[in-house]
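Engineer: This structure is in structure tokens; I'll ask about it shortly.
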Amino acid sequence: LKLDNFKVFWFIKEVTHSFILCQLIGGLVIVIMLPLVALTTKSASFVFTHLELAPESTGVSSKPYAVILSFLVSQYSLYGYDAAAHLTEETKGADKNGPIAILGSIGIITVFGWAYILALTFSIQVNICNNKLAIKILKK
């Protein structure tokens, strides 16, 4: 029994393309709407230069350590290249198309991940270090 007999490949291709389109549109909607619906937004100088250490709530008191930890925030946006790497062996012309797909996914994910992180940081609402309720929630 072969999958070709049921014309499943066409369906899988169309479903894959629709999922990619949904993820791109969904990501754009979040990146655009998050700062628009935020009650207040932070300034660019706050987003790019402000470093707040609050050892009583975060446990981090060293500026170099806080900077190193901040680089980890962007790492979760690179998860998508792995899918391209695993699917490379399933493609036609994998020696040429595989690296193109991996580098393309890294490029797209880098742009979308950076835009998402910027949308989140511009939309920060509460200074948790001065908010006693937030500190209680974080300590639980």
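The values are calculated or read from the model by the stated rules, or taken from the named source; none is laboratory data. Here the structure is a predicted model, which means the values were calculated and not measured. Note that we place each Cβ from the backbone using ideal geometry, even for glycine, and neighbour counts take in every protein chain shown.
Engineer: Do we find a residue being in contact (Cβ under 8 Å) with a residue 24 or more places away in the chain, within 25 Å of I108 (Cα to Cα) and out of contact with any strand residue (DSSP E or B) (no Cβ under 7 Å at 6 or more places or on another chain) anywhere in segment 48-56?
Structural biologist: The initial filter retains those residues of segment 48-56 that are in contact (Cβ under 8 Å) with a residue 24 or more places away in the chain, namely 52, 54, 56.
From what is left, the residues that are within 25 Å of I108 (Cα to Cα) are none.
So far as segment 48-56 goes, no, none of its residues is in contact (Cβ under 8 Å) with a residue 24 or more places away in the chain, within 25 Å of I108 (Cα to Cα) and out of contact with any strand residue (DSSP E or B) (no Cβ under 7 Å at 6 or more places or on another chain).
Engineer: In addition: List the residue pairs whose Cβ atoms are under 6 Å apart, where the first residue sits in segment 14-32 and is closer than 19 Å to A119 by Cβ, the second is part of a helix (DSSP H, G or I), and the two are 6 or more positions apart or on different chains.
Structural biologist: Once the first residue is closer than 19 Å to A119 by Cβ and sits in segment 14-32, its partners that are part of a helix (DSSP H, G or I) give G27/F112; V31/A115; V31/Y116; V31/A119.
Engineer: Of all helices (runs of 4 or more DSSP H) completely enclosed by segment 34-114, which ones contain at least 2 residues that are loosely packed, with under 10 Cβ neighbours inside 10 Å and modelled with pLDDT of 80 or more? So that I can check it myself, show each step before the final result.
Structural biologist: Values: elements: 44-49, 55-58, 63-73, 81-87.
Those helices (runs of 4 or more DSSP H) span 44-49.
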